[in-house]
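The values are calculated or read from the model by the stated rules, or taken from the named source; none is laboratory data. Nothing here was measured: the structure is a model prediction, and the numbers come from that model. Cβ coordinates were reconstructed from backbone atoms using ideal geometry, including for glycine residues, and neighbour counts include every protein chain displayed.
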């Protein structure tokens with residue numbers, strides 16, 4: 001026979017102050033951990049949204065980011081011509097050379113920051129048809145000193161608005177449009193490849209992107225493993241990744257865009273993940289201690305009642321479960337309180353440095369249902385761990401001794 | 001007086017497990033607060049320790065845009081400039097990217113004069129000067145990879161690939177030690193000439209990432225800055241000239257609002273621990289109710305009962321705070337090693353320990369106040385009746 005659950009719910013209510021303090025303590029812990037997880041979510045969405053498996057990214061072998069990679073203009077063109085897997089569009093191959101550079105601009109808050117600048121060619125817009133939209137003004141005209149800016153920069157970086165002027169080295173560029181992109185491009189400035197190369201005194205693009213014909217297998221190894229292993233895995237034999245890596249004319253490292261984006265986020269995701277786990281463990285430990293204290297004092301106050309329950313014929317296991325249930329409810333309420341505390345963070349803007357390219361990235365906290373789910377399960381786990389020892393003690397009480405107390 | 005201390009101690013050890021758990025949570029919290037604050041002070045250390053006579057010159061377009069080498073001669077002509085040296089970020093890695101550390105191509109003739117904090121035994125400097133393909137490594141690097149003078153290190157040039165498509169090779173000539181917290185102990189410095197001559201064969205003339213300037217003693221720094229920027233107004237690359245503090249500050253601002261979030265986390269930790277302590281103190285107050293009644297009927301004043309409870313809270317928090325500080329201090333070495341790549345020079349400041357003391361005493365006072373006040377206002381008859 002089980003102890004009625006209402007018994008536990010009432011006893012939580014009777015001991016209001018202890019319950020409230022424990023719930024708030026667990027809540028604060030959970031709110032912080034879910035805040036960090038929400039930051040990871042926002043960061044990953046920002047970076048990997050729009051990552052596509054049918055778009056290939058070509059980098060120079062040995063390069064790990066767009067900043068590292070470099071092709072001369074001729075070699076970029078040669079590369080596009082020599083890869084038969086690239087899909088054909090209305091105006092030739094769906095491939096574009098892109099230049100990528102961090103430029104020093106002034107944020108509205110003052111100081112200086114590095115903002116990513118991307119020079120692109122017309123096919124880029126054909127490839128990005130479904131994901132990128134001009135929401136204000138118009139696109140830049142090819143060959144002109146015009147720019148379009150990602151919506152996330154508007155109001156954040158000086159000059160990044162319709163009609164603004166951004167001077168790159170010595171050439172003034174006019175902002176003619178604002179575009180929206182859910183992924184990383186939404187925090188970038190785009191312009192014509194050749195005009196930007198000329199203005200910055202650079203001699204070639206950094207990478208080539210291309211849409212692949214349906215069914216093409218790239219065959220690239222997991223880039224995270226390539227980056228972090230002393231013995232990096234090689235591309236699959238007979239695929240385009242293996243062929244291009246050893247190409248005699250223009251050797252290149254190929255990834256799918258999804259793979260490439262994952263490789264660019266791995267460091268910060270790892271750092272934030274480490275922070276979340278470390279905080280969760282350390283603060284969780286403190287929260288477990290609090291929960292144990294609360295449940296121990298609940299036990300002390302109710303020793304007499306437990307004696308009665310035992311005398312009435314309740315077995316130790318139902319008593320153990322009864323206390324565990326009480327601890328679980330304590331954790332659950334704590335989790336809900338923590339979620340309520342974490343919710344206001346949703347949408348709060350965060351900006352930090354991308355350690356791979358030293359550019360500033362703007363993204364937002366995202367308190368998703370997954371984050372809340374993690375928060376509540378974490379809180380319930382804290383409650384259970386905190387309740388285990390007191391529940392064990394309660395179950396081991398001797399009825400005669402327990403009855404004599406209180 | 002002694003008797004009341006004994007009473008405090010007896011009350012705290014009445015439920016040893018509860019006191020131990022509370023003290024343990026405070027230890028954990030204090031450790032966390034010390035570590036989090038140190039992350040922020042570490043990020044800012046560069047700004048605070050900057051040398052006011054040193055300036056940095058970089059391309060006005062961005063840190064990754066190179067300036068022509070000939071700029072150095074132009075800068076040297078500007079009145080007030082005592083010394084200049086050049087740096088180029090190499091951006092390579094040893095075997096795989098997880099072993100990331102910074103490498104710079106430098107000019108040995110001016111570099112050591114510019115940065116006296118970079119300390120190398122004289123015979124190692126000499127060995128470095130005379131071997132064109134040699135390098136100097138920071139003592140942390142030497143320790144981490146077990147590199148010794150005479151070893152050859154292969155570095156894959158991710159940003160500057162070797163023209164023969166192989167790894168660059170550097171012989172370790174010496175190990176430097178930095179005497180200040182903002183000069184990183186895990187960087188590799190190698191010869192500019194080796195860098196320039198290797199790359200010149202295959203591509204365009206390599207450029208300079210950053211020029212460092214030291215101004216004359218008592219020079220008018222704002223004027224020198226203005227003169228440097230003016231000098232290249234019409235050249236192929238415009239430049240930004242900033243003080244060393246400002247240069248470091250740019251890296252700090254790049255961390256964005258991460259320091260702010262770390263502050264929020266710290267406040268959350270303090271809040272959670274405060275609640276836990278209040279909880280503990282309320283519980284023990286409830287258990288002591290009858291005794292307080294007895295003590296009061298024996299003639300102990302309201303004030304001494306107030307003190308009894310408050311001192312219990314303070315002792316509990318003091319114990320936790322002290323152990324927490326001890327723990328943070330004892331683990332700072334291994335923590336610094338773990339975080340070294342991201343936060344070079346991780347070191348807990350004395351002020352951080354001071355902050356931890358203030359926080360724990362504050363928590364003790366706040367947590368003790370409510371039960372202490374109710375102990376003070378408790379009436380004997382009520383208390384003696386036993387139940388709360």
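Tabulated results
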| read-out | value |
| --- | --- |
| Pair list, Cβ < 6 Å and 6+ apart or interchain, from segment A:152-170 residues that are within 14 Å of chain B (Cβ to nearest Cβ) to residues that are part of a strand (DSSP E or B) and at pLDDT below 90 | A:152/A:362; A:157/A:105; A:157/A:107; A:157/A:115 |
| Lone unmet requirement of (1) touching a helix residue (DSSP H, G or I) at 6+ places or on another chain (Cβ under 8 Å); (2) at pLDDT 90 or above for residue A:256 | (1) |
| Which numbered condition residue A:105 fails, given (1) surrounded by fewer than 21 Cβ atoms within 10 Å (Cβ to Cβ); (2) at pLDDT below 90; (3) under 26 Å from the mean Cα position of the chain (by Cα) | (1) |
| Residue among A:232, A:251 that alone is in contact (Cβ under 8 Å) with a residue 60 or more places away in the chain, within 11 Å of chain B (Cβ to nearest Cβ) and closer than 23 Å to residue B:97 by Cα | A:251 |
| Boolean, residue B:88 is farther than 21 Å from residue B:175 by Cβ and in contact with a helix residue (DSSP H, G or I) (Cβ under 6 Å, 6 or more places away or on another chain) | no |
| Unmet criterion (only one of (1) over 17 Å from the mean Cα position of the chain (by Cα); (2) at positive phi) for residue B:256 | (1) |
| Condition met for residue A:99 (within 30 Å of residue A:249 (Cα to Cα), more than 25 Å from the chain's Cα centre (by Cα) and buried (at least 21 other Cβ atoms within 10 Å of the Cβ)) | yes |
| Criterion: assigned by TED's automatic domain parsing to the domain that holds residue B:33, more than 26 Å from the chain's Cα centre (by Cα) and modelled with pLDDT under 85 - qualifying residue of B:317, B:380 | B:380 |
| Any hit, segment B:126-134, residues being surrounded by fewer than 17 Cβ atoms within 10 Å (Cβ to Cβ), under 24 Å from residue B:64 (Cα atoms) and touching a helix residue (DSSP H, G or I) at 6+ places or on another chain (Cβ under 8 Å) | no |
| Failed item, numbered, when residue A:142 is tested on (1) within 25 Å of the chain's Cα centre (by Cα); (2) in a loop (DSSP other than H, G, I, E, B); (3) farther than 27 Å from residue A:253 by Cβ | (1) |
| When residues of segment A:201-215 are limited to those that are within 14 Å of another protein chain (Cβ to nearest Cβ) and in contact with a strand residue (DSSP E or B) (Cβ under 6 Å, 6 or more places away or on another chain), the one nearest to residue A:241 (Cα to Cα) | A:207 |
| Checklist (1) buried (at least 16 other Cβ atoms within 10 Å of the Cβ); (2) closer than 30 Å to residue B:236 by Cα applied to residue A:257, failing item | (2) |
| Of the criteria (1) more than 13 Å from chain B (Cβ to nearest Cβ); (2) at pLDDT 90 or above; (3) more than 30 Å from the chain's Cα centre (by Cα); (4) surrounded by fewer than 15 Cβ atoms within 10 Å (Cβ to Cβ), which one residue A:133 fails | (3) |
| Leading residue by the ranking (modelled with the highest pLDDT) among those in segment B:146-162 that are within 14 Å of chain A (Cβ to nearest Cβ) and either surrounded by 16 or more Cβ atoms within 10 Å (Cβ to Cβ) or closer than 17 Å to residue B:118 by Cβ (or both) | B:155 |
| Meets criteria (without any contact (Cβ under 8 Å) to a residue 60 or more places away in the chain and either surrounded by fewer than 17 Cβ atoms within 10 Å (Cβ to Cβ) or touching a helix residue (DSSP H, G or I) at 6+ places or on another chain (Cβ under 8 Å) (or both)) for residue A:90 | yes |
| Flag for residue A:118 being within 14 Å of chain B (Cβ to nearest Cβ), at pLDDT 90 or above and either within 17 Å of residue A:255 (Cα to Cα) or touching a helix residue (DSSP H, G or I) at 6+ places or on another chain (Cβ under 9 Å) (or both) | yes |
| Total residues in segment A:289-321, condition away from chain B (no Cβ under 14 Å) and in contact with a helix residue (DSSP H, G or I) (Cβ under 6 Å, 6 or more places away or on another chain) | 7 |
| Residue in segment A:273-286 that is closer than 30 Å to residue A:234 by Cα, without any contact (Cβ under 8 Å) to a residue 12 or more places away in the chain and surrounded by fewer than 20 Cβ atoms within 10 Å (Cβ to Cβ) present | yes |
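Table: residues versus (1) more than 16 Å from residue B:28 (Cβ to Cβ); (2) without any contact (Cβ under 8 Å) to a residue 12 or more places away in the chain; (3) within 14 Å of chain A (Cβ to nearest Cβ); (4) surrounded by fewer than 15 Cβ atoms within 10 Å (Cβ to Cβ).
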| residue | (1), (2), (3), (4) |
| --- | --- |
| B:316 | no, no, yes, no |
| B:336 | yes, yes, no, no |
| B:354 | yes, yes, no, yes |
| B:377 | yes, no, no, yes |
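A quick yes/no check of all residues on (1) at pLDDT below 95; (2) surrounded by fewer than 17 Cβ atoms within 10 Å (Cβ to Cβ); (3) more than 30 Å from the chain's Cα centre (by Cα):
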residue	(1), (2), (3)
A:306	yes, no, yes
A:309	yes, no, yes
A:312	yes, yes, yes
A:315	yes, yes, yes
A:322	yes, no, yes
A:326	yes, no, yes
A:344	yes, yes, no
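For every residue, the table says whether it meets (1) under 31 Å from the mean Cα position of the chain (by Cα); (2) more than 10 Å from chain B (Cβ to nearest Cβ); (3) more than 22 Å from residue A:334 (Cα to Cα).
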site	(1), (2), (3)
A:11	no, yes, no
A:19	no, no, no
A:23	yes, no, no
A:32	yes, no, no
A:65	yes, no, yes
